[in-house]
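Where a number appears in this text, it was derived from the coordinates with a stated rule and is not lab data. Quick caveat, the model's predicted, so the values are computed rather than measured. We place every Cβ from the backbone using ideal geometry, glycine too, and count neighbours over all the protein chains shown.
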Amino acid sequence: MAKRDIPEINAGSMADIAFLLLIFFLVTTTMDRDKAYIKSIPKKIDVPISEPVVVEERDILAIRTNAQNQLMVRGELIGNPDDISDKIIEFYTYNEKANDVTSNFPLYSRVDKATIKEQLRAVEEEYDDVDANGSGPIQEEMLEFINSKIKEWKRKEKAIGMLGTNALSEISSQAHIRVETQKLTGYGLFTKIHSEIEEAVFKLRDDAALRLFNEGYGSIRSKIDNDPDDLVYKDMGSLLDILYPKRVIEVTPK
Amino acid sequence: MSKFKKDNSKEAPAVNTSSLPDIVFMLLFFFMVATTSKESDPTVSLNQPDGVKTQDMTPFKQRSEIDFLYIGTPRNKARIDQFAGGYALFLDNVAQPNPGELYNATAVRQWKMDKFEAKPKSLRVGIEGVITCVKADVNAPVGVVFDIRKELQDIEALKIAYAVQDNSGI
C-alpha cells in the first residue's frame with residue numbers, strides 16, 4: 001500500500017484556547033497575598049477560678065483603648081500609636097542588665113547551668129514517682145503537666161549551651177502585655193496595637209540575633225519556615241523565644 | 001530605470017503566528033504561579049488597616065487550612081440600616097446568606113462546622129488546626145471580633161488571625 005502523508009493539524013486556534021485559559025486565571029485569582037497576625041484563643045475552662053491569680057503591677061504592660069479610640073499605655077495617655085513599640089521595648093529591657101527593684105518594670109531572674117541540671121533531675125524524678133503510683137485520668141494529666149515542665153527545662157538547658165555563658169537571664173515568667181479594648185474600639189487601632197507588639201518583639205529578637213549569631217531574626221524565621229527540620233535554626237529560634245517571650249493577653253470587652 | 005522595482009501586485013506576506021500560543025502559554029503559567037485563587041467575593045466592602053511584621057497566609061490557603069470572614073459595610077446600601085453600627089458579617093463560601101441569622105456572630109459556629117464537614121475525611125486536620133481569619137474594616141467595632149472569638153472558643157477552634165494590609169515585604 002502506498003504511504004500516505006498524515007495531514008497537518010491546524011494549530012491556528014491553539015492561541016485562542018490558551019487565551020481562554022489565561023483569562024480564566026486572570027479573573028479567578030488575586031495577586032495580593034493575605035497577611036495577618038495569628039493568635040491563639042485560650043481554651044475554655046469549666047472549673048470556676050475561686051481566687052484570681054495576683055500579678056504584680058510591674059509585670060503588666062496594659063494597653064488600653066476606649067470607644068473614642070484614645071490610647072493609654074501603663075496609665076499614660078498616648079497620642080501617637082507608633083510610640084507603643086518604644087514602651088514595649090522599655091518594658092522588656094529596663095531591668096535586663098541589672099535589676100532595679102525600685103523601678104516599675106518586670107525583674108529578670110538569672111539561672112545558672114547547675115540549677116537547670118538540678119531542676120531537670122528533680123522533675124524527672126517527680127515524673128518517675130507519679131508514673132510508679134498507678135494510672136488513671138488524674139495521673140495522666142499530672143504526667144502531661146510534668147512532661148511540659150521537663151520540656152521547658154530541656155529547652156533552657158539547650159539555650160544556655162548555645163549562649164555559651166554560665167547563666168541565663170530570663171524575664172519574670174508573669175510579665176505580659178495586656179490588650180484591653182472596648183466594644184466600640186476600631187479594628188484599625190486594635191490591629192495597630194498588635195502590629196506594634198510584633199514590631200517591638202521583632203526588634204528585640206533581631207538585635208539579640210545579630211549580636212549572638214550574626215544573622216537577622218527575619219532570615220532565621222524564614223529558614224525555620226522553609227525547613228522545619230533544620231535543628232540549628234530551630235534552636236536559635238527557641239533561644240530568642242526564651243530571651244524575649246511574646247505573652248499577650250487580649251481581654252474580652254464587657 | 002531603477003534597480004528596485006516596486007511590485008505592487010504582490011501582497012505583504014502574512015505574519016507567522018505559530019509561536020503565539022507559546023507566548024500566551026508563558027503568560028498563563030506566570031499567572032498560575034504568581035497568583036492564588038480568590039475566595040468568594042464578599043458582599044461587604046472594607047478598607048483594611050495597615051500593619052507590619054505579619055505572617056503570610058498563603059501556605060495555609062494552599063492547604064485550605066484557613067477560613068475567611070469579613071466585617072464591613074454592606075455593598076447593598078439599602079441593607080445598611082439592618083445592621084447595628086452599619087457593619088455586617090460576611091462568611092466565606094456561604095452562597096445564600098440569610099440576613100436574619102447569617103450576619104450574626106452566632107452563625108460562625110455553624111459555618112465553621114459546615115466547612116469542616118464539607119472537607120473530605122482524608123484532608124481533615126481537626127477543627128483546631130484550621131485558622132479563622134478575620135478581615136475587617138478599619139473602623140469596624142472590635143466587639144464583633146470578640147463575639148466571634150467566643151463562638152470559636154466554644155467549638156475549640158482556637159486559632160484566629162487578624163488580617164491587615166502589609167506592604168513592607170514587597
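For the protein assembly as shown, count the residues as N, evaluate 2.2 N^0.38 Å, and divide the Cα radius of gyration by that value, please.
My calculation over the Cα atoms of the protein assembly as shown gives 1.32.
How tilted is helix A:113-132 with respect to the longest principal axis of chain A? Cα atoms for both, answer in degrees (0 to 90, nearest 10).
Here the helix axis deviates by roughly 80 degrees.
Roughly what angle does helix A:137-163 make with the longest principal axis of chain A, taking Cα atoms, 0 to 90 degrees, to the nearest 10?
That works out to roughly 80 degrees.
I need the Debye-formula profile for chain A: one equal scatterer per C-alpha, no solvent, reported as log10 I(q)/I(0) at q = 0.09, 0.10, 0.12, 0.16 1/Å, two decimals.
Values, matching the q order: -0.59, -0.70, -0.93, -1.38.
What's the long-distance tail for segment A:108-171, i.e. % of Cα pairs beyond 15 Å?
That tail contains 54 percent of the Cα-Cα pairs.
Would you order A:176, A:194 from fewest to most other beta-carbon atoms within 10 Å of each residue's own beta-carbon?
Numbers: A:176 19, A:194 23.
Ranked by crowding around the Cβ, least crowded first: A:176, A:194.
Based on alpha-carbon centroids, what's the gap between segment A:95-124 and segment A:189-233 in Å, whole number please?
23
Work from the charge dipole of chain A (Cβ charges, +1 for Lys and Arg, -1 for Asp and Glu, about the Cα centre) and give the residue of A:142, A:177, A:55 farthest towards its positive end.
It is A:177.
Once the Cα atoms of helix A:14-28 and of chain A are each reduced to a long axis, what angle between those two axes, in degrees from 0 to 90 to the nearest 10, is obtained?
30
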